[in-house]
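Student: Mind looking over this structure? Questions follow.
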Amino acid sequence: MRRKPVERLIAESGQGAGGTLRRSLGMWQLTMISIGATLGTGIFVVLGEAVPEAGPAVVLSFVIAGLTALFSALSYAELAGTIPVSGSSYSYAYATLGEVVAWVCGWCLILEYGVSVAAVAVGWGQYLNELLDGTIGVTIPTALAAPPGEDGGVFNLPALLVVLLAMAFLLGGAKESARANTVMVGVKIAALLLFCAVAFTGIRAGNYTPFMPLGMAGVSAAGATLFFSYIGFDAASTAGEEAKNPQRDLPRAIMLSLFIVTALYCLVAAVAVGALPWRRFDGSEAALAGIMESVTGHSFWAVLLAAGAVVAIASVVLTVLYGQTRILFAMSRDGLVPPVFSRVHPRTGAPRANTVIVSLFCGGLAAAVPLGRLAEATSIGTLFAFALVNVAVIVLRRTRPEMPRTFRVPLSPLFPVIGFVLCVWMMKGLEPVTWIVFGMWMAAGLVLYFGYGLRRSRLATAEPAPAEK
């Protein structure tokens, strides 16, 4: 239950086993990292699942899901400005709740980021096939476009390729990766705005009535489904040691990214249900592309949207992979995982070995393992981490009230408590198999901690922080 003082966390920030991370990211780049990690597969596929539950009122469902995410985002914003280090909620838990809780949180994040990279990479291959088919009439053979056991797949080559592409950008350094991500985020925002402009011409007022055909219960059910479209807004908090002015920029980036994503989701949903009767959203993964084609009568627009989806999903892979490497960097620096993960390349300022190991693992997972229900485990890992962050805000307010805070959660502890309760409520609604996978993952993590991390922890060896030497 030993805790790592905030001052020590900050004093050690940026310093790995073989060098120092470089502070090169401004507020706009940090915002783009969070948008890049959030705005991806969700909006391109989730409408087909949510609209049948809520009808045209799916717009309200997006607002409800955004408000649910907001409570945890406020807690992230306060802690990111107060403890501006890599590691996100892992580091916040280390400073407030103790080492074993921090380990559990970090282990949850490894599950969340690692499996979601693999799951998103699998989806990228599907959209790539749509794009290739619509442009040059060629598709990747099924044997090379799906993992074993799925539709006759043998090896998912596109999934591996997109992870390796993201790895190449990350090896160039945080600044170069952020530039590539900013371009990709711009492309996918443009693709969604293009959808709105084209589909707007097909809006029929009658499609909005009745507005709430399945009542408030349907709106709430769709809101729970849509919440997972918001996962990723916390990605900027993993860049705490590479931000130029983290105390000022991290809280702004987290809140701004959530606002932009929510506004885009609501706009796209409002236009989509206006252009297509809600009963015709039958779970199709290509709902937006189908609307574009039915409104215009041409497949060109659907192909253009598929191109936007390819870029959008590649951006998610890049930013989530980035977050994964930075969390492992922080855990390695604390001695809880091997030191290879905190070695920094002197020229690029990137944790090179860390990036290669994580990328090859996630790429191999995406290419050769049928993920199936395992992908749902990302949801429970995320919600668990969110819940701990809400608790950490309350604990730090009580134990260190004098600490300077560039952003404060309003109405604390009420808002953090609401955030915690909402996370627990959503966890309760997940499938039993998800809880079984989560329990097995936690058990394996605790074995690792007590077998390796407990004795090798830098706090256990009482090594002085750089500021104390």
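Student: Working only within the range 430-447, note down all residues that are surrounded by 14 or more Cβ atoms within 10 Å (Cβ to Cβ) and either without any contact (Cβ under 8 Å) to a residue 24 or more places away in the chain or part of a loop (DSSP other than H, G, I, E, B) (or both).
Tutor: Once the filter is applied, which keeps residues that are surrounded by 14 or more Cβ atoms within 10 Å (Cβ to Cβ) and either without any contact (Cβ under 8 Å) to a residue 24 or more places away in the chain or part of a loop (DSSP other than H, G, I, E, B) (or both), the range 430-447 yields only Leu430.
Student: Here's something else I'd like to know. What's the number of the only condition in (1) within 24 Å of Ala180 (Cα to Cα); (2) out of contact with any Gly (no Cβ under 6 Å at 6 or more places or on another chain); (3) not in a loop (DSSP other than H, G, I, E, B) that Gly290 fails to meet?
Tutor: Unmet for Gly290, out of (1) within 24 Å of Ala180 (Cα to Cα); (2) out of contact with any Gly (no Cβ under 6 Å at 6 or more places or on another chain); (3) not in a loop (DSSP other than H, G, I, E, B): (1).
Student: Any residue that is in contact (Cβ under 8 Å) with a residue 12 or more places away in the chain, within 29 Å of Ala11 (Cβ to Cβ) and assigned to a loop (DSSP other than H, G, I, E, B) - is there at least one of those in the range 245-252? Walk me through how you get there before you give the answer.
Tutor: The initial filter retains those residues of the range 245-252 that are in contact (Cβ under 8 Å) with a residue 12 or more places away in the chain, namely 245-252.
So of that shortlist, the ones also within 29 Å of Ala11 (Cβ to Cβ) come out as 245-252.
Next cut, assigned to a loop (DSSP other than H, G, I, E, B) only: 245.
Yes, the conditions are met somewhere in the range 245-252.
Student: What helices (runs of 4 or more DSSP H) completely inside the range 35-118 contain at least 3 residues that are of a type in the set (Val, Ile, Thr) and touching a residue at least 60 places away in the same chain (Cβ under 8 Å)?
Tutor: Output list reads 41-45, 58-82.
Student: Go over the candidates Thr319, Thr262 one by one and state the one that is touching a Gly at 6+ places or on another chain (Cβ under 9 Å) and farther than 30 Å from Thr20 by Cβ.
Tutor: After ruling out the rest, the residue left standing is Thr262.
Student: Of the numbered conditions (1) modelled with pLDDT of 80 or more; (2) over 18 Å from Ala159 (Cβ atoms), Pro141 fails exactly one; give the number of that condition.
Tutor: If we test Pro141 against (1) modelled with pLDDT of 80 or more; (2) over 18 Å from Ala159 (Cβ atoms), just (2) comes out false.
Student: What number of residues within the range 163-194 satisfy the criterion of being among the small types (Gly, Ala, Ser) and farther than 17 Å from Thr348 by Cβ?
Tutor: So in the range 163-194, the residues among the small types (Gly, Ala, Ser) come out as 166, 168, 172-174, 177-178, 180, 186, 190-191.
In the following step, the residues that additionally are farther than 17 Å from Thr348 by Cβ were identified as 186, 190-191.
Total meeting the criteria: 3.
Student: Another question about this same structure. For the range 271-289, what are the residues that are surrounded by fewer than 22 Cβ atoms within 10 Å (Cβ to Cβ), closer than 24 Å to Phe211 by Cβ and modelled with pLDDT under 80?
Tutor: Answer for the range 271-289, where residues must be surrounded by fewer than 22 Cβ atoms within 10 Å (Cβ to Cβ), closer than 24 Å to Phe211 by Cβ and modelled with pLDDT under 80: Asp282, Gly283, Ser284.
Student: Which of the residues spanning the range 293-316 are of a type in the set (S, T, N, Q) and either crowded, with 19+ Cβ neighbours inside 10 Å or assigned to a helix (DSSP H, G or I) (or both)?
Tutor: Ser294, Thr296, Ser315
Student: Just a yes or no: is a residue in the range 259-270 more than 15 Å from the chain's Cα centre (by Cα), at pLDDT 90 or above and not in a helix (DSSP H, G or I)?
Tutor: No; the residues of the range 259-270 include none that is more than 15 Å from the chain's Cα centre (by Cα), at pLDDT 90 or above and not in a helix (DSSP H, G or I).
Student: OK, next. Mind checking which residues of the range 176-221 are closer than 30 Å to Gln29 by Cα, surrounded by fewer than 20 Cβ atoms within 10 Å (Cβ to Cβ) and hydroxyl-bearing (Ser, Thr, Tyr)?
Tutor: Listed by number, the list holds a single entry, Thr182.
Student: While we're looking at this one, here's another question. Would you point out the residue of the range 9-31, among those that are crowded, with 20+ Cβ neighbours inside 10 Å, modelled with pLDDT of 85 or more and not aliphatic (A, V, I, L, M), that is nearest to Trp103 (Cα to Cα)?
Tutor: Selected residue: Thr31.
Student: Identify, by number, the condition in (1) modelled with pLDDT under 90; (2) surrounded by fewer than 22 Cβ atoms within 10 Å (Cβ to Cβ) that Pro413 doesn't meet.
Tutor: Checking Pro413 against (1) modelled with pLDDT under 90; (2) surrounded by fewer than 22 Cβ atoms within 10 Å (Cβ to Cβ), the one that fails is (1).
Student: Residues in the range 135-145: is at least one out of contact with any Pro (no Cβ under 7 Å at 6 or more places or on another chain) and crowded, with 17+ Cβ neighbours inside 10 Å?
Tutor: no
Student: Another question about this same structure. Quick check: anything in the range 401-415 under 22 Å from Met1 (Cβ atoms), in contact (Cβ under 8 Å) with a residue 12 or more places away in the chain and either in a helix (DSSP H, G or I) or under 22 Å from the mean Cα position of the chain (by Cα) (or both)?
Tutor: no
Student: Select from the range 150-175 the residues that are free of Cβ contacts under 8 Å to residues at least 12 places away in the same chain and not in a loop (DSSP other than H, G, I, E, B) and write down the one among them that is surrounded by the fewest Cβ atoms within 10 Å (Cβ to Cβ).
Tutor: Filtering first and then ranking leaves Ala168.
Student: Follow-up. Do the conditions hold for Thr319, that is, is it modelled with pLDDT of 90 or more, more than 21 Å from Pro52 (Cβ to Cβ), buried (at least 24 other Cβ atoms within 10 Å of the Cβ) and among the hydroxyl-bearing types (Ser, Thr, Tyr)?
Tutor: yes
Student: Another question about this same structure. Checking the conditions here, which among Gly137, Gly172, Gly232 is within 30 Å of Leu74 (Cα to Cα) and either out of contact with any His (no Cβ under 7 Å at 6 or more places or on another chain) or not acidic (Asp, Glu) (or both)?
Tutor: Gly232
The values are calculated or read from the model by the stated rules, or taken from the named source; none is laboratory data. Values in this document were obtained by computation on a predicted structure and should not be read as measured data. Heads up, the Cβs are rebuilt from the backbone with ideal geometry, glycines too, and the neighbour counts pull from every protein chain shown.
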